[in-house]
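Derivation of every value follows stated rules applied to the coordinates shown; laboratory data play no part. Because the structure is predicted, anything quoted here is derived from the model rather than measured. Cβ placement follows ideal geometry from the backbone for every residue including glycine, while neighbour counts extend to all protein chains displayed.
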């Protein structure tokens, strides 16, 4: 079990000011449009934007290593490290507060450094206020924290996926397995998960009944993070989201013999590639409480239908067959 610390990735990343000033050299115009329109969340991750200077900064000042660079002597107020790729020149500042390296200035080398538009000449003309303005702004720091949170959440989900795979592999032989989930940020207990698989025979066929019980700590009950954990566990066991029935903290699904073993093998391939397995949408139109629907449709998060199954309201539900159980409950309680 890994414990995920909230440490920022030190890999060099551009400031928003630099992105606004970097008008040439882009391999894809989409980031420029996002910057001009203020859609900063679309730029994630900033260190991977398609510009040769940004790519060189991220490679030269990676997560754990520093490339060999010289200090830019024309600026005394900040320690700026020189970056070169082709005719492009950049300045990288190492923030002592976050440990992150910021690509904060860029330009072209011109006229043997005697041209007024030369990168070094332009830096040398900056006064103290202009130099200070090269530092990351509050919005830069907000985006950094957002990326750090996303990375921590992804690492947490990957770890849960691996734990569930080990659990699922054993449960097929032993009938029941339990695992403990820690909080993604704090060193604290977050949830206990129990997976039980029972094989039995119906009148004409054999089935496997898988039951997952997710016992969240009190502070996590009803939280977005708790629901995030629930979905990741269920997707890891069996990704078709509409195949699960839910009753309080218990989730169950019935499948043909061998299906869970196939799911475990499929999950192993995702783990080997260090990828999260995606959910598989269903093909039945369900009803849920109206007050829950709008936000979940926008965010793409799953909800519990009136009949108890889990579904993500991001599809055109009108083209699917309506769930009879949901329709029956809705008829009894039309205000839902």
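Structure notes:
- Relative exposure of 16, 234, judged by other C-beta atoms within 10 Å (fewest first): 16, 234
- Ordered by the number of other Cβ atoms lying within 10 Å of each residue's own Cβ, fewest first, 211, 92 fall into the sequence 211, 92.
- Highest mean first, the peptides 83-89, 114-120 sorted by other C-beta atoms within 10 Å per residue fall in the order 83-89, 114-120.
- Sites residue 113 and residue 138 - FRET efficiency at Förster radius 30 Å, r taken between beta-carbons, to 0.05: 0.30
- Computed from the Cβ-Cβ distance with R0 of 35 Å, the FRET efficiency linking residue 273 to residue 39 stands at 0.75.
- Between residue 179 and residue 146, the modelled labels are 3.0 nm apart [label points 7 Å from Cα along Cα→Cβ].
- Exposure proxy for 37, 259, 48: other Cβ atoms within 10 Å of each Cβ, ordered fewest to most, give 37, 48, 259.
- Put a dot 7 Å past the Cα of residue 248, heading toward its Cβ, do the same for residue 69, and the two dots end up 5.8 nm apart.
- Given R0 = 22 Å, the distance between the Cβ atoms of residue 153 and residue 265 translates into a calculated FRET efficiency of 0.25.
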